[in-house]
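Take a look at the structure below.
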Amino acid sequence: MTVRVQMVSVSNGLKWIVDGFALFRLRPLVWMALAAIWLLLALVLVAIPNLGQLILYLVTPALGAGLLVGCRALERGNDLEINHLFAGFRSHPGPLITIGGVYLLGNVITFGAFMMLGGERIIAAALERASDPNTPPPEIPAAPLLSVLLLVPLFMAVIFAPALTMFRDLPALQAMKASFAACVENLAPVLLFAVVSAVLAMLAMLPYGLGTLVWIPVYAGAVYRGYQALFGSDPPAEQAPA
């Protein structure tokens, strides 16, 4: 399937987040319940030695796709349901888990490059400075800059890939390629969205991470609106993938 990309203004990067919050306000309690289930699943997986965190990377795109299905349901006047969270596993488990696998591999490569270029010294210095504030700050090597340079294209390839798989039935790698191309063509709004989202995600961790119950669905709604802005409306309901 050929996917056409639309150009949007820089301000769209903020508008997507505002629109995401509007979707959240339609069913705030159900959205928060979905976010709580997601976080609970994440905690259970992380508690599994060795493999838990790897599994979390693999299933995250599928869970995210489920939230996007919930956004589409609300937009079309339907109810938001708990089982929307698992819609990705029912319809496109293979491609979505593949997206998670590529994302995992990208993070492993980025972390490896970070450690090779002085990341270990940065971590040790940060721990030492945390225990003794009088410790002089270390010289910052190239590791953080390289990590950012690697993570930005990875983010661009992954952000809209689950939506393209769920709603346009694209294979994993084709969806990631289309997502990356759309972000390159709309670099300014996508970077603005990423920076503001990162700040809001950090604020959501205060206090005790309770803000994530709101931020997770708001972010999902923002990604859904971004997908619509860059790729246009979905096929009619009778033609859309289940």
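Details
- Overall form of the stretch 1-70 per C-alpha gyration tensor (a/c, 1.5; a/b vs b/c): oblate
- Inter-label distance, nm, simple model (7 Å from Cα along the C-beta direction), Asn83/Thr2: 3.8 nm
- Spin-label pair Leu51/Val152, simplified geometry with 7 Å Cα→Cβ offset, distance in nm: 3.8 nm
- Shape call, the stretch 40-98: gyration tensor on alpha carbons, a/c limit 1.5: prolate
Quick note: the coordinates plus some simple rules give every number you see, no bench work behind them. Nothing here was measured: the structure is a model prediction, and the numbers come from that model. With ideal geometry, Cβ positions are generated from the backbone for all residues, glycine too; neighbour counts draw on all protein chains shown.
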